[in-house]
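The values are calculated or read from the model by the stated rules, or taken from the named source; none is laboratory data. From a predicted model like this one, the values you see are computed outputs, not experimental measurements. Don't worry about glycine lacking a Cβ; one is built from the backbone with ideal geometry, like all the others, and counts go over all protein chains shown. Each accessible area value is taken on the protein alone, full model and side chains, heavy atoms only, with ligands, DNA and RNA left out. Shrake-Rupley method; radii C 1.70, N 1.55, O 1.52, S 1.80 Å.
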Amino acid sequence: MYACSYSGTVLGIDGMVVTVETDIANGLPQFDLVGLGGSAVKEARDRVRAALRNAGYDYPMQRITVNLAPADQRKEGSGFDLAIACGILLASKQMHPRQERILVLGELALDGSLRPVTGVLPILLEAKNAGFTHVILPEQNAAEARLVDITVLPASNLEEAVNYWKEGLHCKNSDLSFHETQTGKINVNQLPPDFANVYGQHFVKRG
């Protein structure tokens, strides 16, 4: 069975949306990960396998092929783990596709918990331009993600991320988006600094 999920990476200083294609076919158990991924990307197969099992999901004992498209662009980092896990759950019918355009980011620990990733802001800016409306990502990245006008769904582990997908794209505490936090309003003192109020210095800000 074939399934598709979406993640992202940073290419230079710009974000890039990556399509995570997953195919599960009959054959000897094997996990092939293609698409010009770096060493941290290739190691995702072991993290995802352990995380799925320890989180209580079925890991298909079949031939699994995951492609990170576009395949001609180099991809680095561990932020594809959660998208790969979602792709396997979708392809094995443990999750079902949704009509919303959802970006998925996050590194998986072996016990299924989520660890933060880097480059969230440029990735989400590109995702917003590409028409994505929701992002599921680690709780530690939520404050940075809310700087972009996109619905942010922070999760602490794989089970919470899957529950967002299955039960509805709403935050567990409140509808946390670009305009809201758990208290209903943004506390600007809790947001990371940006360059919005810095005039000039275009080359410095870009660097």
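Cut-off 20 Å, label point 7 angstrom out along Cα-to-Cβ of H96: give me the residues of the stretch 27-59 whose amide nitrogen falls inside.
Counting only backbone N, you get 57-58.
Determine the per residue accessible area of the stretch 2-170 with all protein chains present and a 1.4 angstrom probe, expressed in square angstrom.
42 Å²
Quick one: length gained pulling A25 to K42 fully straight, 0.36 nm per residue minus the C-alpha distance?
Here the segment from A25 to K42 would lengthen by 4.1 nm.
Tabulate in residue order the Karplus-calculated ³J(HN,Hα) for the stretch 124-133, using 6.51 cos²θ - 1.76 cosθ + 1.60 with θ = phi - 60°, rounded to whole Hz; enter x for Gly and Pro.
Each residue of the stretch 124-133 in turn: 6, 4, 5, 5, 4, 5, 8, x, 6, 10 Hz.
What list of ³J(HN,Hα) couplings, whole Hz, do you get for the stretch 37-44 from phi and the Karplus terms 6.51, -1.76, 1.60, once you set θ to phi - 60° and write x for glycine and proline?
x, x, 5, 5, 5, 5, 6, 4
Amide H to amide H, which residues 5 or more places from G8 or on other chains are under 5 Å from it, using H placed in the peptide plane?
V18
Pop the C-beta distance of K166 and N54 into the FRET formula with R0 = 30 Å and round what comes out to the nearest 0.05.
0.95
What does DSSP give for the stretch 1-106 in terms of the percent of beta bridges that are antiparallel, rounded to the nearest 5?
75 percent
May I ask which residue of A3, I24, A50 lies farthest towards the positive end of the charge dipole of the stretch 1-60, with charges of +1 (Lys, Arg) and -1 (Asp, Glu) on Cβ and the Cα centre as origin?
A50
If you add up the charges near M95, with Lys and Arg at +1 and Asp and Glu at -1, over every other residue whose beta carbon is less than 15 angstrom from its beta carbon, what do you get?
Net charge around M95: -2.
Quick check: at a probe of 1.4 Å, how many percent of the accessible area of the stretch 1-130 sits on carbon and sulfur atoms?
50 percent
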